[in-house]
Amino acid sequence: MLASTTSPDVSGPAPSAADWLGRGYADDHNATAASDTLLINEQSRLLETQGRRIIKFGFGQSPFPVFAPAVETLAEHAADKAYLPVQGMAALRDEVAAFHRHMDGTDWRAERVLVAPGSKLLLFALMKALPRSEVLIPAPAWVSYAPQARLAGQPAVRLETSFDNRWLITPAQLDRHCREHGPGLRLLILNVPGNPTGLSYDPEMQRELAAVAKRHGVLVLSDEIYGPLDHRGAHRSFARDYPEGTLTTSGLSKWCGAGGWRLGVMNVPEALGDELLIRLLGIASETWSSVASPVQAAAITAYSVTLALEMYLDAQRQWLSMIGQWCAQRLEATGIRTHAPDGGFYLFPDFGAYREALRARGITTSAELTAALLEEAGIALLPGSAFGCEPTQLTARLAYVDFDGAALLARPCPDDPEAAMAAPELATVRHGIEAMLVWLSTV
């Protein structure tokens, strides 16, 4: 029997839908703000419409063109419109598994691969599919991990890292946390090479961390979206050291330059059983249904390992390595502590050496620092606080991607950073770094 819809007799007009929303939000402190990485992109665009020249070091989008054969396949399949299997096309899952077996030396299996509209949804789906779990997030970490844990109803715990430990959590740190907080299901999120740092574990430290995770029964979500962009082509997947407990995600947004295509992949190891995969498929079927048909067809081409693909990836790695090394060296030379990156296209400089001078200007937080750089020098960075760092830690993410990647790929990359940076396509990057150093010299 349906409940009565009769309302009690009250005087005055009934609250509108907007009124009810306002009342509800007034008491709700769990609102999820827009991603800082997307906001800085929109803010930069707004300033440009006002005639300002902005050096865009804030938004982490690949500057390189999408792999050309994949673009051709996308065009050929533009009219495809069928709903595809929730898990993803079988042919695509075959290629994804083969790609990662070849690139990473890991045991990806097509039947354990899940395809989604970007790896971001896969990360959220995993947190939602798990029983009550403590989500361990190293800080700094990508801006969406903690909000996604909250949206999924999972408690998130920040594990602080430091410059001296290369912004990576240590095996001892993970072991200490697990011992101090007792047994229970935990999900450790790792991102290597990292966003916002560009850094990876050395093999020995990674093996030790994997041993600790295994000893305490910790699940690991290894976000390896930047793995194919390891600058030496030597990315070590975490699943090589902890295959039975590591779920790995990747996708086309970074190494293939196709962020807007929205295609991500996840491998669920067989050792974790079928229930987790079934739950993930259930979430997928009730939310995104399937990735767009033309994009999946194009992804089959993108994931097919060919000489052309290897050359495309190698050229990106060489240029990103040279640019990253040059930027890190210039920053280090002026007292801005910066680790040279291992992969991807990020640096995470520490401006602590300028703390007193900045304080005299009323700048005491990373957000105030990046706001001043944007307003006064036209340089867009993201503050360390956006990545979970303490606000007073004067760190920021620098995405060195403000250049024409297509033009750069058309020329050979020199082996020396200084020679590489002489390329005319990198004038904006050079200007941005030098302008930032000039601004700091005046504070």
Each residue of segment 367-381 in turn: what ³J(HN,Hα) in whole Hz from Karplus with 6.51, -1.76, 1.60 and θ = phi - 60°, glycine and Pro shown as x? 5, 5, 4, 5, 5, 5, 4, 5, 6, 9, 10, x, 10, 9, 10
Once you order the gyration tensor axes a ≥ b ≥ c over the Cα atoms, which shape class does the chain get: rounded for a/c under 1.5, otherwise prolate or oblate by comparing a/b with b/c? rounded
In nm, to one decimal, how far is the modelled label at residue 333 from the one at residue 27, with both set 7 Å along Cα→Cβ? 6.1
Derived scalar couplings ³J(HN,Hα) [segment 143-153; Karplus, 6.51 cos²θ - 1.76 cosθ + 1.60; whole Hz; x for Gly, Pro]: 5, 8, 4, 5, x, 5, 4, 5, 4, 7, x
Under a GNM of the chain (C-alpha, springs under 10 Å), which listed residue has the highest mean-square fluctuation: 133, 285, 16? 16
When the dipole is taken about the Cα centre of the chain, and only Lys, Arg (+1) and Asp, Glu (-1) are charged at their Cβ, what size is it in debye, to the nearest 20? 380
Spin-label point model (7 Å from Cα, Cβ direction): what's the residue 422 to residue 76 distance in nm? 4.2
For the chain, with a Gaussian network of springs between Cα atoms less than 10 Å apart, report the residue from 164, 350, 107 with the top mean-square fluctuation. 164
Taking the dipole about the Cα centre of the chain, with the C-beta of Lys and Arg at +1 and of Asp and Glu at -1, give me whichever of 187, 324, 378 is farthest to the positive side. 187
Which Cα, out of 139, 149, 129, lies furthest along the positive dipole direction of segment 115-203 (beta carbon charges, K/R +1, D/E -1)? 129
Which value, in Å to one decimal place, does the Kirkwood hydrodynamic radius take for segment 163-218 when every pair of different Cα atoms is included? 11.9
Three-way shape label, segment 267-415, alpha-carbon gyration tensor, a/c 1.5: oblate
Looking at segment 352-422, which trypsin sites (Lys or Arg not before Pro) are in a loop (DSSP not H, G, I, E or B) and have at most 14 other Cβ atoms within 10 Å? 361
Please report the spacing between the Cα centers of segment 365-379 and segment 179-216 in Å, no decimals. 33
Inter-part distance where segment 79-135 and segment 397-423 are each reduced to a Cα centre, Å: 32
List 311, 127, 89, ordered by accessible area with a 1.4 Å probe, largest first: 311, 89, 127
For the chain, what is the calculated [θ] at 222 nm in deg cm²/dmol (nearest 500), taking -39500 (n - 2.57) for each run of four or more DSSP H residues and dividing by its residue count? -12000 deg cm²/dmol
Karplus 3J(HN,Hα) series, Hz, for segment 55-67 with 6.51 cos²θ - 1.76 cosθ + 1.60 (x for Gly, Pro): 7, 8, 9, x, 9, x, 10, 4, x, 8, x, 4, 3
Expressed in nanometres to one decimal, the distance between label points 7 Å along Cα→Cβ at residue 234 and residue 274 is 4.2
Compute the Cα gyration tensor for segment 188-326, then decide on rounded, prolate or oblate, letting a ≥ b ≥ c be the square roots of its eigenvalues: rounded whenever a/c is under 1.5, prolate when a/b is larger than b/c in the other cases, and oblate in all that remain. oblate
Have a look at 61, 154, 50 and tell me which one the Gaussian network model of the chain (Cα, springs below 10 Å) gives the largest fluctuation. 50
Report the Cα centroid-to-centroid distance between segment 246-282 and segment 308-352 in angstrom, as an integer. 27
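Could you check what % of the DSSP bridge pairs in the chain are antiparallel, to the nearest 5? Before the final figure, lay out the partial values.
Numbers: 15 of 34 bridges.
Just about 45 percent of them are antiparallel.
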Can you flag which of 56/81; 81/128; 56/254 are past 25 Å Cα-Cα? 56/81; 81/128
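So what is the diffusion coefficient of segment 211-259 in µm² per second by Stokes-Einstein at 25 °C and 0.890 mPa s, using a Kirkwood Rh over Cα pairs?
For the chosen part, D equals 208 µm²/s.
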Residue-normalised accessible area of segment 170-301, expressed per residue, 1.4 Å probe, Å²: 35
Collect residues whose amide H, placed 1.01 Å from N in the peptide plane, falls under 5 Å from the amide H of residue 157; neighbours closer than 5 in sequence don't count. 135, 136, 137
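The values are calculated or read from the model by the stated rules, or taken from the named source; none is laboratory data. In this text the structure is predicted, and so the values were computed from the model without any measurement. Cβ atoms come from the backbone with ideal geometry, glycine included; neighbour counts cover every protein chain shown. With ligands, DNA and RNA removed, areas are computed over all heavy atoms of the protein, side chains included. Shrake-Rupley method; radii C 1.70, N 1.55, O 1.52, S 1.80 Å.
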